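The structure appears below as structure tokens.
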Amino acid sequence: LARGYASVSSATAHDLLIVGGGTAGINVANQVKATFEAHGYEAPRMSLIDKAELHHYQPGWTLVGAGLKDLSEVNRPLQEVVPEHVSLVKQFVEKLDPTENSLITGDGQRHTYNTLVLCPGMRLDYDAVEGLRDAMGQNGVASIYDYNQVGKVWSNIRDFEKGRALFTFPGSAPFIKCAGAPIKIMLAAEDYWRREGRRSGIQVDYTTALPRMFGVQKYSDVLKRLTEERNVTPHFESVLTKVDGLNKVATFKTKEGEVRKEYDFLHATVSMAAHAFVKSSDVANPKGEVAVDERTLRSTKYDNVWSLGDASSLPTSKTAAGIMSQTPVLAHNLFQASQGKQLDAAYDGYTSCPLLTGRGELLLAEFKYGGALAETFSPYGFSQDKPTRWAYHLKKDILPAVYFGPFMRGQWFGRNAFSRPQF
Ligand SMILES: Cc1cc2nc3c(=O)[nH]c(=O)nc-3n(C[C@H](O)[C@H](O)[C@H](O)COP(=O)(O)OP(=O)(O)OC[C@H]3O[C@@H](n4cnc5c(N)ncnc54)[C@H](O)[C@@H]3O)c2cc1C
């Protein structure tokens, strides 16, 4: 009894608890406050759990890998971006028990909550590919998906003179963030080598677990044309299973069986997976994603649990752009739930993938659930049928500035820009 009492009394109680201070967590913290206040209510007391030192603008990692930005431009200390109204718990969650409205952090502390927002993203799963962890960072192997390797991608591209360059797309779906990034870095590298006059000595191979270049047919067709013009050899339904870093040999599982390829340069998109504390808890679907209603963003199992971003089961491409459309919906529905009212905001699956195709050119893909096109600019005469310079500057210059400016303050609503969506 005494032990039980001690553990209960030592639990830290939270009103609204957010797990993860990434793109989703910081945005939710700001927008929930703004939504309650817009309705004339005081926002719930908020806490955010995350032990990371840095907050990352991951869309910038492709730009760094392509030599277009410095790594220091795409992150900030987490402490600096957590809003003042939020108390930061510098720990990682290790165990979640939604039946008890509680979780346990790495220091053994138990935390209880009235409402929980889960947005811890996903983890890199190096173990999915034999030998990749050891090979990473050496002998021409790097990845823009691993923060510690992003700078290495650029030095590998810059220093590569001749031989076979391999780029891979993993078989870890639905765990893949920004499914366009593996192709973006390939096209950016190819463009660089061509401009430097080295292209004739470099063979470029793109191997992907997918049956085509990109999930949405329209953009897939554009990319197919582009890769043909640029003499890139695609290999579909081909999954990297092993890397022998010393001998520079990559092994793939294909429909025809195991295929081994020698390489001189390897950009490996590391497989991704759910965090163990999510996967092992009752909030998860069998794949390990937080199971939410795809329109309301509320847990399908617990009314006081919500999720968005990469960790959620939302059946759309996992991007920061998607989160910018998810957050206003979640904030509104969470407010409605607090008033016992109907959840009347619905997320339509909007997401965007700015497909960098080289220096000064980018194809802006925008779509929603089911791959239906949701283009913001084409109705105004700005082409989204081919790579353009205006879209390149949007991605390279405007969006990073917006992210660390109005977005961080909760004043940016994605494709709605500065205007808060009304439901
Ligand atoms: C190379 C690359 C290129 C991309 N390009 C684009 C792009 O061009 N456009 C675009 O819109 N999107 C892009 N994305 C995707 C986008 O960055 C992600 O979808 C977005 O960052 C997901 O946000 P999130 O908050 O869900 O997760 P994250 O931003 O990953 O944040 C998760 C947070 O949770 C914390 N956390 C993890 N485990 C725990 C735990 N156990 N307890 C507590 N906290 C925990 C982490 O420390 C982290 O701070 C790209 C991503 C990559 C990697």
Point to revise | Mean Cβ count within 10 Å, highest first, over the residues of peptides 251-258, 173-180 | key: 173-180, 251-258
Exercise for review: Quick one: work out Rg over Rh on the C-alpha atoms of region 1-99, Rh as Kirkwood radius.
Suggested key: 1.10
Practice item. List every residue whose amide H lies under 5 Å from the amide H of residue 358, counting only residues 5 or more places away in sequence or on a different chain, with H placed 1.01 Å from N in the peptide plane. Key: none
Review point. If we count every other residue with Cβ under 13 angstrom of residue 372's Cβ, Lys/Arg +1 and Asp/Glu -1, where does the sum land?
Key: -1
Point to revise | Residue order, fewest to most surrounding Cβ atoms within 10 angstrom, among 303, 244 | key: 303, 244
**Study point:** ³J(HN,Hα), Karplus 6.51/-1.76/1.60, whole Hz, each residue of region 250-257, x for Gly, Pro
**Key:** 10, 10, 10, 8, 10, 5, 8, x
Practice item. Would you mind checking the pairs 33/218; 301/341; 255/318 and listing those with alpha carbons more than 30 angstrom apart? Key: 33/218
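Hey, what did region 274-423 get for relative contact order, percent, Cα under 8 Å, at least 6 apart?
Once divided by the residue count of region 274-423, the mean separation gives 16 percent.
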Point to revise | Equivalent ellipsoid, region 282-413 (semi-axes from 5 times Cα gyration tensor eigenvalues, Å) | key: 30, 16, 13
Exercise for review: Find the Cα radius of gyration of region 335-404, compare it with 2.2 N^0.38 Å by division, and give the number to two decimals.
Suggested key: 1.46
Point to revise | For region 164-220, Kirkwood radius (reciprocal of mean inverse C-alpha pair distance, Å) | key: 12.4 Å
Practice item. Hey, can you grab everything whose amide H is under 5 Å from the amide H of residue 350? Only 5+ residues off in sequence or another chain; H modelled, so Pro and N-termini drop out. Key: 369
Check your understanding: Rule-of-thumb check for region 98-144: C-alpha Rg over 2.2 N^0.38 Å?
Key -> 1.88
Revision key, fill the gap. Compactness check, the chain: C-alpha Rg relative to the 2.2 N^0.38 Å globular estimate gives 1.00
Check your understanding: Going by average Cβ neighbours within 10 Å, how do the peptides 236-243, 32-39 rank, with the highest at the top?
Key -> 236-243, 32-39
Study note, to complete from the structure: For residue 112, the net charge from surrounding residues (Cβ-Cβ under 14 Å; K, R +1; D, E -1) works out to 0
Check your understanding: In 5 Å bins starting at 0, how do the alpha-carbon pair distances of region 167-258 split up by percent?
Key -> 3, 12, 22, 24, 20, 14, 5, 1
Review point. Considering only DSSP beta bridges whose two residues both sit in the chain, what percent are antiparallel, to the nearest 5?
Key: 50 percent
Point to revise | Under 5 Å, built H, 5+ apart or other chain: amide partners of residue 94 | key: 104, 105, 106
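Beta carbons within 10 angstrom, averaged per residue: use that to sort the peptides 23-30, 385-392, highest first.
On the way: 23-30: 27.4, 385-392: 16.2.
Packing order, densest peptide first, comes out as 23-30, 385-392.
Using the membrane-span-like helix rule (whole DSSP H runs, Cα extent along the own axis of at least 20 Å, mean Kyte-Doolittle hydropathy at least -0.5), which helices of the chain qualify?
23-38, 181-195, 320-338
As an exercise, use a Förster radius of 56 Å and the Cβ-Cβ distance of residue 158 and residue 342 to find the FRET efficiency, rounded to the nearest 0.05.
Rounded to the nearest 0.05, the efficiency is 0.50.
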Check your understanding: So, how do all the Cα-to-Cα distances of region 209-259 break down into 5 Å bins, in percent, from 0 on up?
Key -> 5, 19, 19, 20, 18, 14, 5, 1
Revision key, fill the gap. Computed over region 223-333, the relative contact order (Cα-Cα under 8 Å, seq sep at least six) in percent reads 12 percent
Practice item. Give me the percent of Cα-Cα pairs in region 193-311 that sit more than 23 Å apart, rounded to a whole number. Key: 55 percent
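Quick note: the coordinates plus some simple rules give every number you see, no bench work behind them. In this text the structure is predicted, and so the values were computed from the model without any measurement. Cβ coordinates were reconstructed from backbone atoms using ideal geometry, including for glycine residues, and neighbour counts include every protein chain displayed.
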